[in-house]
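Scroll down for the structure; my scribbles are underneath it.
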Amino acid sequence: MTIRLYSYWRSSAAYRVRIALNLKGLEHEIVPVSLAPGVSEHRGEAYRAKNPQMLVPFLEDGDLGIAQSMAILEYLEETYPDVMLLPATEPERSRVRAFCNGIACDIHPLNNLRVMNFIKTEFGADPTSAWYRHWIHEGFRSAEALAGDGPYVFGNAVTLADAFLVPQMYNARRFQVPLDGFPKLVSLADNANALTAFRDALPENQSDAP
């Protein structure tokens, strides 16, 4: 069976899954789906038939199709346990999940491309300035407090927490969000980005990057 990941190079949710697939050493095919304005392949009939939510990522593993990055990552944990990205015991497992959800639920949705486009077209505001910075800072304040002392978010082993932090940090740097208040998160993300699995998942290293 071939694992296929429907992905867009700048999607931070797809970025998380690319990291996890690389860390687990799972062979997979990246299928680019452009979210670019004027292209919007995710809204085409062919993709909508696969994923009615019309979002990326979307994972196919044989006959199984899964949307939503957290669901995909939980599936990969349960189905391919040779390399685990959740700790084996509690409360460590729940701490990692909480950290991931802090990014996936509290930061990312408010700064998602479709939300920023709506703010711009409906209200004439620039969401890449104060709006973007505000929600990054709100989420990063708690993440800075929750993270451990390294080298990775929760100690000596890479977990899903690192796979969530790195794409969010990438976005923060892309939009020039001041990060002076989050030295721990900056260091942790830099440590993870030194690993091949993270470098290979970088947006600019994807086949659909301009």
Phi to ³J(HN,Hα) by Karplus 6.51 cos²θ - 1.76 cosθ + 1.60 over segment 197-210, Hz, x for Gly, Pro: 4, 7, 4, 5, 8, 3, x, 5, 9, 8, 5, 8, 5, x
Likely footprinting exposure, 79, 159, fewest C-beta neighbours within 10 Å first: 79, 159
A correct Karplus calculation of ³J(HN,Hα) over segment 119-124, with 6.51 cos²θ - 1.76 cosθ + 1.60, θ = phi - 60°, whole Hz and x for Gly and Pro, returns 4, 5, 6, 8, 10, x
Let me see the P(r) profile for segment 92-195: every Cα-Cα distance counted, bins of 5 Å, each bin given as a percent of all pairs. 2, 13, 25, 24, 17, 10, 6, 3, 1, 0
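If each residue's Cβ is checked for other Cβ atoms within 10 Å, how do 61, 162 rank with the fewest at the top? Walk me through the numbers before you get to the answer.
Working: 61 19, 162 30.
Placing the least packed residue first, the sequence is 61, 162.
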Search the structure for amide H atoms under 5 Å from the amide H of residue 3, placed 1.01 Å from N in the peptide plane, and list their residues when 5 or more places away or on another chain. 29
For residue 50, the lysines lying under 27 Å Cα to Cα, once residues fewer than eight places off in the same chain are dropped, come out as 24
So who's got an amide H within less than 5 Å of the one on residue 155, skipping anything under 5 residues away but keeping other chains? H placed 1.01 Å off N, in plane. 148, 149, 150
Per-residue HN-Hα couplings for segment 95-108, Karplus 6.51 cos²θ - 1.76 cosθ + 1.60 at θ = phi - 60°, whole Hz, x for Gly and Pro? 5, 5, 4, 5, 4, 4, 5, x, 7, 5, 9, 9, 9, 4
Residue of 187, 11, 69 that the Gaussian network model of the chain assigns the largest fluctuation, springs spanning Cα pairs under 10 Å: 187
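Suppose we look only past 16 Å in the calculated P(r) of segment 164-210. What percent of the Cα-Cα pairs does that tail hold?
On the way: 432 of 1081 pairs.
That tail contains 40 percent of the Cα-Cα pairs.
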So what's the chain giving for Rg/Rh, alpha carbon basis, Kirkwood Rh from the mean inverse pair distance? 0.95
Output the direction-averaged projected area (hull surface divided by four) of the convex hull of the alpha-carbon atoms of segment 1-107, in nm². 7.2 nm²
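Bear in mind that the values in this text are calculations on the coordinates, not laboratory data. Note that the coordinates shown come from a computational prediction; the quantities given were computed from them, not determined experimentally. Here the Cβ is made from the backbone with ideal geometry for all residues, glycine too, and neighbour counts use every protein chain on show.
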